[in-house]
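Following: one structure in structure tokens, then a few remarks.
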Amino acid sequence: KAEIQVLIWYKGKNHPEYIKPSKQMSLFNQLDYNVLFKPKKKSEVVNRFISNEYDMLIDLTRNDVYPLRKVLSLCRSTFKVGSLDTGNEPFYDFMIKYRSAKDYTLQLVHYLSLLNKNA
């Protein structure tokens, strides 16, 4: 059985009203990390997320969301997937070119289904 955890970064101090946190979906912002983008000890959301071990971690954002990329780099995962960029090479095991959100998602599903068939 697959279990999915979602971590959402947002700007500002108040989380968006249209997104409701749940057991599977957590939100964090600049109050959860310091100026070096290290999670604060009191940030339950970020520390809970990075303390888990994941079979696969998928970053659905473009490469310009540094706070999220920093948190993802601290996560323990067997396989990390993210957008193709030379700056992302240290962070991800598999990278896909990000042209648009729709194209990225379609490519992600395509390549992961190919990998799943070969596993």
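The values are calculated or read from the model by the stated rules, or taken from the named source; none is laboratory data. Computed from a predicted structure; not experimentally measured. Reconstructed Cβ throughout: ideal geometry from the backbone, glycine too, with neighbour counts over all protein chains shown. Heavy atoms of the whole protein, side chains included, go into the accessibility calculation; ligands, DNA and RNA do not. Shrake-Rupley method; radii C 1.70, N 1.55, O 1.52, S 1.80 Å.
Any idea how many residues of segment 38-51 are open to solvent by less than 60 Å² (accessible area, probe 1.4 Å) and not in a strand (DSSP E or B)?
If we filter segment 38-51 for residues that are open to solvent by less than 60 Å² (accessible area, probe 1.4 Å), which is where we start, we get 39, 43, 45-47, 49-50.
With not in a strand (DSSP E or B) added as a condition, the list becomes 43, 45-47, 49-50.
Looking only at that region, the number is 6.
Just to verify a result, which residue in segment 6-19, among those that are outside any strand (DSSP E or B) and open to solvent by less than 60 Å² (accessible area, probe 1.4 Å), is modelled with the lowest pLDDT?
Going residue by residue through segment 6-19, those that are outside any strand (DSSP E or B) are 10-19.
Retained after the next criterion (residues that are open to solvent by less than 60 Å² (accessible area, probe 1.4 Å)): 10, 12, 16, 19.
On the way: 10: 89, 12: 84, 16: 88, 19: 87.
Among residues in segment 6-19 that are outside any strand (DSSP E or B) and open to solvent by less than 60 Å² (accessible area, probe 1.4 Å), the one modelled with the lowest pLDDT is 12.
Count, please, the residues in segment 19-49 that happen to be within 21 Å of residue 83 (Cβ to Cβ) and out of contact with any strand residue (DSSP E or B) (no Cβ under 7 Å at 6 or more places or on another chain).
1
Can you find even one residue in segment 64-76 that is closer than 21 Å to residue 22 by Cβ, out of contact with any His (no Cβ under 8 Å at 6 or more places or on another chain) and modelled with pLDDT of 90 or more?
The answer is yes, given that some residue of segment 64-76 is closer than 21 Å to residue 22 by Cβ, out of contact with any His (no Cβ under 8 Å at 6 or more places or on another chain) and modelled with pLDDT of 90 or more.
Is there any pair linking a residue in segment 16-41 that is within 16 Å of residue 70 (Cα to Cα) to one that is of a type in the set (Asp, Glu), with Cβ under 8 Å and at least six apart or on different chains, and which?
39/32; 40/32
If you go through segment 1-12, how many residues are under 17 Å from residue 68 (Cβ atoms) and over 15 Å from the mean Cα position of the chain (by Cα)? It would help to see each step written out before you state the result.
First, pick out the residues of segment 1-12 that are under 17 Å from residue 68 (Cβ atoms): 4-12.
Now narrow it down to the ones that are over 15 Å from the mean Cα position of the chain (by Cα): 11-12.
Residues meeting the conditions: 2.
Can you tell which of 102, 80, 117 is open to solvent by less than 50 Å² (accessible area, probe 1.4 Å), basic (Lys, Arg) and free of Cβ contacts under 8 Å to residues at least 60 places away in the same chain?
Numbers: 102 fails: open to solvent by less than 50 Å² (accessible area, probe 1.4 Å); 117 fails: open to solvent by less than 50 Å² (accessible area, probe 1.4 Å).
Exactly one residue qualifies, and that residue is 80.
Take the residues of segment 78-119 that are among the aromatic types (Phe, Trp, Tyr) and assigned to a loop (DSSP other than H, G, I, E, B): which is nearest to residue 61 (Cα to Cα)? Reasoning before the result, please.
Initial filter on segment 78-119 (among the aromatic types (Phe, Trp, Tyr)): 79, 91-92, 94, 98, 104, 111.
Narrowing further to those that are assigned to a loop (DSSP other than H, G, I, E, B): 91-92, 98.
Working: 91: 13, 92: 13, 98: 9 Å.
Checking each candidate, the answer is 98.
Mind telling me which of the residues 26, 22 ends up being polar (S, T, N, Q), surrounded by 13 or more Cβ atoms within 10 Å (Cβ to Cβ) and not in a helix (DSSP H, G or I)?
Working: 22 fails: surrounded by 13 or more Cβ atoms within 10 Å (Cβ to Cβ).
When all the criteria are applied, what remains is 26.
Only one of 85, 59, 64 is of a type in the set (Asp, Glu), surrounded by 15 or more Cβ atoms within 10 Å (Cβ to Cβ) and closer than 16 Å to residue 8 by Cα. Can you tell me which? I'd like the intermediate steps shown before the answer.
Values: 85 fails: closer than 16 Å to residue 8 by Cα; 64 fails: surrounded by 15 or more Cβ atoms within 10 Å (Cβ to Cβ).
It is 59.
Scan segment 88-97 residue by residue and report those that are open to solvent by less than 90 Å² (accessible area, probe 1.4 Å) and either among the aliphatic types (A, V, I, L, M) or more than 16 Å from residue 66 (Cα to Cα) (or both).
Matches in segment 88-97: 94, 95, 96.
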